[in-house]
Structure formats: structure tokens, C-alpha cells
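J.: My structure is below; once you've seen it, I'll send some questions.
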Amino acid sequence: MIIRFFCGGIAGNRGGVGFVFRGLGWRTEGGGCFEVVLMVGRCVFLRGMAGGMSEGRGEGGRGLTWNPVTGCTKVSPACKNCYAERLAKRWQALDVPGYANGFALTLHPERLGQPGRRKRPTFFFANSMSDLFHADVPDDFLDAVMEVMRRAPWHTFMVLTKRAARLPVFFASRRCPPNLWLGVTVEDRSHGVPRMDWLREVDAPLRMVNMEPLLEDLGELDLSGVDWVMVGGETGPAARPMRREWVMGVRDQAVAAGVPFCFSKWGEWGPDGVRRSRRENGRLLEGRVWDERPVAAWPAVSEDREPAQFLLDF
Ligand code: SF4
């Protein structure tokens, strides 16, 4: 870790007193700040979030997030315990740059140049702190984000949305960047499953379905046109349980359809319905790890970890 300059501060926060230390450098691109936040009463560790580009969070976190938009509004049951809302409000209280508006939707045009300045091929989770296809993100800003991707073909970008109805409308007159993995969240039958139809309408280089948090049995699925299915349980203090048979139902259909299947985690609730730590619950399904990948489209990444690990960290 290199800290080229240092300033310190103390900020009040609901959970106690926070100590904020800032510096430049270390895995932070585009001139943004690197932040370490140590809090009394509630331990928090942030890595480079202030500059708009940061390492993926989680243990062993690698890869980068890039947030040209922050903030959002809730749109379906998957949003109930939104981690982005928790983090944005916490960072607002701690005066973290970029989060002055808390969780209110905010465009950050000054961050558009960040991926292009990074020369090492990288897998980006684009907009981990918002929903890029939110109705309040104008088409011209979306165009600018897509152009950033197009102009940085050495990178791969992943975008997940719950506003899938906007996808076919937006891309009706535009081509997807060739390095964009486009995905939708599918948490239940009524809100989530219809998103797959909208995703299928887009000629994306890779279409992924992220069933995290999986909240119910999804029944029979149409997995045509889907390149990757990920399933995971919820984490956080208010996490909802995920039943083993719901996961198995998806896995069996993915296997039958020949769609790569990845099981990321049980989350706070184990397959036995018992609440314990995410680490203890692990990610074994029927005694094995499911880490199947859309191999043909796997990006070249010179980071010291693979994209799948990055996704699992989120
Ligand atoms: S769409 Fe995503 S970022 Fe927006 S509220 Fe829902 S979970 Fe949070």
C-alpha cells in the first residue's frame, strides 16, 4: 500500500464514531482518493471507493467496480436489503467523495474517463452502486457509458439491471459494445422471470442471469439465449432464506439446457434452513462447487484473479 499524502478526520455516524483516512494511489485509478474507514462499533473497510473505481469488495477482492452512476430507487423484492443503499448512506455520513447525495441517483460524468486510463485488461463490474438503466439515467449518458466500453476493448464490462424493460428499447437503435456482458436479476417469478424475455431481445455478446437473492421456486424456466446462470443466497442482517430445492430446480434446468451454472453462496441461511455466517454456510451444492462458466467468451484478464471470483465476492 502506498499512501502519498495523508489527511485524517473524524466523522459521526449512526453506528458510532468513524475515523477517515485518505490518500492517493494504491489501486485507485483516475486520480481518485483511496479511503480506509475504520469505525468504532461497526467495522468498515473501504478500498478506493471514493474515486469511482475500486476493487471488488469481499475477501480476496480483485477486479474493479466502476460507478459512473450512483444511487437508485427500489424496484422489486430483490431490492429490499439493497447493499448499495446501506453503503451509500454510510459513506454519505462519513463524507466519502461521490456520496454527498447519499443514495439519491447521481450521474458522475467526471468518471467516464476512468476505464480508458487503465491499460491493464480488467473485468469491470459497471455500476455496482446503482442501476445503469434506471429511468432517471438519460439516454445520452447511457450512450456515453457505452462509448467508454467501446473505446476500451481491452477491458470487459459487466452490467446487471433490474430495469430490463428498458433494454430492448435502448438497444433497438444501438449495438451492444462487444465487450459488454449484459445481465438481469431474477429473484422471483413475477418480477424477475419476465426480465429474461427483455434480455433475450438484446443482441448482447453475453447474456447472464443473476438469481441473487433467489427468493422462491422459479418453476419452469426458458433458458434459451442465456449464456450464464448464477444463483446465490442473500447476505446481510435482514437476509431472507433460500431453500435448497429452489437452487436445485434452477441447476437441473441449466444442466439440461447446457447453460453454464455457477452457485456463488448460500448466504446467511444454510441448506438446512439454519442461520449462521456466510463463511460457514459456504457454497457447496450437493457436495460440490458449481463454477461453470461461459468459457468461449471468457475475457483475458491480467489481474491476479479470475472474473468468476470477482463476481462471487459481490
Ligand atoms: S436496483 Fe439494485 S441498486 Fe437499485 S435499489 Fe435495487 S438492488 Fe439497489
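The values are calculated or read from the model by the stated rules, or taken from the named source; none is laboratory data. Owing to the predicted nature of the structure, the values given are computational and were not obtained by experimental measurement. For neighbour counting, all protein chains shown are included, and Cβ atoms are generated from backbone atoms with ideal geometry for every residue, glycine included.
J.: For segment 115-141, enumerate the residues that are away from the ligand (no atom under 16 Å from the Cβ) and surrounded by fewer than 22 Cβ atoms within 10 Å (Cβ to Cβ).
T.: Correct list: GLY116, ARG117, ARG118, LYS119, ARG120, PRO121, PRO138, ASP139, ASP140, PHE141.
J.: Then there is this: If ALA238 passes every condition in (1) part of a loop (DSSP other than H, G, I, E, B); (2) touching a helix residue (DSSP H, G or I) at 6+ places or on another chain (Cβ under 8 Å) but one, which one does it miss?
T.: Of (1) part of a loop (DSSP other than H, G, I, E, B); (2) touching a helix residue (DSSP H, G or I) at 6+ places or on another chain (Cβ under 8 Å), only one is false for ALA238: (2).
J.: Another question, if that's okay. So is PRO194 in contact (Cβ under 8 Å) with a residue 24 or more places away in the chain and in contact with a strand residue (DSSP E or B) (Cβ under 8 Å, 6 or more places away or on another chain) or not?
T.: Working: in contact (Cβ under 8 Å) with a residue 24 or more places away in the chain: yes; in contact with a strand residue (DSSP E or B) (Cβ under 8 Å, 6 or more places away or on another chain): no.
So PRO194 fails the test.
J.: Confirm whether ASP188 is in contact (Cβ under 8 Å) with a residue 60 or more places away in the chain, in a loop (DSSP other than H, G, I, E, B) and more than 16 Å from the ligand (Cβ to nearest atom).
T.: Details: in contact (Cβ under 8 Å) with a residue 60 or more places away in the chain: yes; in a loop (DSSP other than H, G, I, E, B): yes; more than 16 Å from the ligand (Cβ to nearest atom): no.
So ASP188 fails the test.
J.: Applying the selection to segment 285-311, what residues are assigned to a strand (DSSP E or B), modelled with pLDDT of 95 or more and surrounded by 14 or more Cβ atoms within 10 Å (Cβ to Cβ)? Working first, answer last.
T.: First pass over segment 285-311, keeping only residues assigned to a strand (DSSP E or B): 285, 288-289, 291.
If we keep only those that are modelled with pLDDT of 95 or more as well, we get 285, 288-289.
LEU285 - this is the single residue of segment 285-311 that is assigned to a strand (DSSP E or B), modelled with pLDDT of 95 or more and surrounded by 14 or more Cβ atoms within 10 Å (Cβ to Cβ).
J.: Within 16 Å of the ligand (Cβ to nearest atom), in contact (Cβ under 8 Å) with a residue 24 or more places away in the chain and touching a Cys at 6+ places or on another chain (Cβ under 9 Å) - does that describe any residue in segment 160-169? Spell out how you get there, then give the answer.
T.: Going through segment 160-169, the residues within 16 Å of the ligand (Cβ to nearest atom) turn out to be 160-167.
The next check asks that each one be in contact (Cβ under 8 Å) with a residue 24 or more places away in the chain; those that pass are 160-167.
Going one step further and asking which of them are touching a Cys at 6+ places or on another chain (Cβ under 9 Å), we end up with 162.
Checking segment 160-169: at least one residue is within 16 Å of the ligand (Cβ to nearest atom), in contact (Cβ under 8 Å) with a residue 24 or more places away in the chain and touching a Cys at 6+ places or on another chain (Cβ under 9 Å).
J.: Let me ask something else. Within segment 265-282, identify whether any single residue is surrounded by 15 or more Cβ atoms within 10 Å (Cβ to Cβ), in contact with a Leu (Cβ under 9 Å, 6 or more places away or on another chain), part of a strand (DSSP E or B) and at pLDDT 95 or above, and answer yes or no.
T.: Start the filter on segment 265-282 by keeping residues that are surrounded by 15 or more Cβ atoms within 10 Å (Cβ to Cβ), which leaves 265-271, 278, 281.
The next check asks that each one be in contact with a Leu (Cβ under 9 Å, 6 or more places away or on another chain); those that pass are 265-266, 271.
Okay, now just the ones that are also part of a strand (DSSP E or B), so 265.
The next check asks that each one be at pLDDT 95 or above; those that pass are 265.
Yes, there is a match, as at least one residue in segment 265-282 is surrounded by 15 or more Cβ atoms within 10 Å (Cβ to Cβ), in contact with a Leu (Cβ under 9 Å, 6 or more places away or on another chain), part of a strand (DSSP E or B) and at pLDDT 95 or above.
Residue by residue, here is whether (1) surrounded by 19 or more Cβ atoms within 10 Å (Cβ to Cβ); (2) under 24 Å from GLU286 (Cβ atoms); (3) charged (D, E, K, R) holds:
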| residue | (1), (2), (3) |
| --- | --- |
| LEU160 | yes, no, no |
| LEU199 | yes, no, no |
| PRO205 | no, no, no |
| GLU216 | no, yes, yes |
| GLU220 | no, yes, yes |
| GLU234 | yes, yes, yes |
| ARG244 | no, yes, yes |
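J.: Let me ask something else. Is it true that PHE314 is at pLDDT 95 or above, within 20 Å of the chain's Cα centre (by Cα) and closer than 30 Å to PRO178 by Cα? Before you say what the answer is, go through the steps one by one.
T.: Numbers: at pLDDT 95 or above: no; within 20 Å of the chain's Cα centre (by Cα): yes; closer than 30 Å to PRO178 by Cα: yes.
It is false that PHE314 is at pLDDT 95 or above, within 20 Å of the chain's Cα centre (by Cα) and closer than 30 Å to PRO178 by Cα.
J.: Given the structure, is ALA144 under 15 Å from the mean Cα position of the chain (by Cα) and either more than 16 Å from the ligand (Cβ to nearest atom) or within 30 Å of ALA238 (Cβ to Cβ) (or both)?
T.: Answer is no for this residue.
J.: Could I ask something else about it? Among the residues in segment 45-54, are any assigned to a strand (DSSP E or B), under 16 Å from the mean Cα position of the chain (by Cα) and modelled with pLDDT under 90? Write out each step before concluding.
T.: Quick first cut of segment 45-54, residues assigned to a strand (DSSP E or B) only: 53-54.
Going one step further and asking which of them are under 16 Å from the mean Cα position of the chain (by Cα), we end up with 53-54.
Subsequent filtering for residues that are modelled with pLDDT under 90 retains 53-54.
Yes, because at least one residue in segment 45-54 is assigned to a strand (DSSP E or B), under 16 Å from the mean Cα position of the chain (by Cα) and modelled with pLDDT under 90.
J.: If I ask for residues that are away from the ligand (no atom under 16 Å from the Cβ) and touching a residue at least 24 places away in the same chain (Cβ under 8 Å), which ones from segment 173-185 would you list?
T.: Let us first name the residues in segment 173-185 that are away from the ligand (no atom under 16 Å from the Cβ), namely 173-181.
The answer is ARG174, ARG175, CYS176, PRO177, PRO178, ASN179, LEU180, TRP181.
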